[in-house]
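**Q** Handing you this structure, nothing more for now.
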Amino acid sequence: MKAGDVVYLATAASVQFLRPIFVRVIRELPERHTYDGWVWIEGYELNAAGDAVARRELYVMRAGVRLQALPAVLTTPARRRRVRRGPVRVG
């Protein structure tokens, strides 16, 4: 995992993810000692729109972390509604 990767975390990564989440990785935290096959990562939890909603430090099993291409919901920019502007009355 490297900075900018989006990962999908479910119970395969840790039992704490009964509700799976998407995380944009900031960095791995190698200075923290872990069991073999586990790693600490720092990242931003993403909501359904792909916006960062919380900064988190997570302890996960490396084998259970899935690199993820962002789903279309997260990659498609929100469509803006066109606003028709009429003449402005001054005075």
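The values are calculated or read from the model by the stated rules, or taken from the named source; none is laboratory data. Since the structure is predicted, the reported quantities are computational estimates derived from the model, not experimental observations. Reconstructed Cβ throughout: ideal geometry from the backbone, glycine too, with neighbour counts over all protein chains shown. SASA here: full protein model, heavy atoms, side chains in, ligands and nucleic acids out. Shrake-Rupley method; radii C 1.70, N 1.55, O 1.52, S 1.80 Å.
**Q** Counting heavy atoms of the protein chains only and a 1.4 Å probe, report the per residue accessible area for the chain as a whole number of Å².
**A** 78 Å²
**Q** Net charge within 9 Å of Ala52 by Cβ-Cβ distance, Lys/Arg positive one each and Asp/Glu negative one each, not counting Ala52 itself?
**A** 0
**Q** Going through the range 1-48, which GluC sites (Glu not before Pro) have at most 10 other Cβ atoms within 10 Å and a DSSP loop state?
**A** Glu31
**Q** Ratio to report: Rg/Rh of the chain, with Cα atoms as the point set and Rh obtained by the Kirkwood method; give two decimals.
**A** The Rg/Rh ratio comes out at 1.27.
**Q** Something else: So what's the back-of-envelope 222 nm ellipticity for the chain, counting only DSSP H runs of four-plus at -39500 (n - 2.57) apiece and dividing by all residues, rounded to 500?
**A** -500 deg cm²/dmol
**Q** Further question on the same structure: Which chymotrypsin sites (Phe, Trp or Tyr not before Pro) in the range 1-67 sit in a loop by DSSP (not H, G, I, E or B) and have at most 11 other Cβ atoms within 10 Å of their own Cβ?
**A** Sites meeting the loop and neighbour criteria: Tyr35.
**Q** Something else now. Among Ala48, Gln16, Ala3, which residue has its Cα furthest toward the positive end of the charge dipole of the chain, with +1 on Lys/Arg Cβ and -1 on Asp/Glu Cβ?
**A** Ranked along the dipole, the leading option is Ala48.
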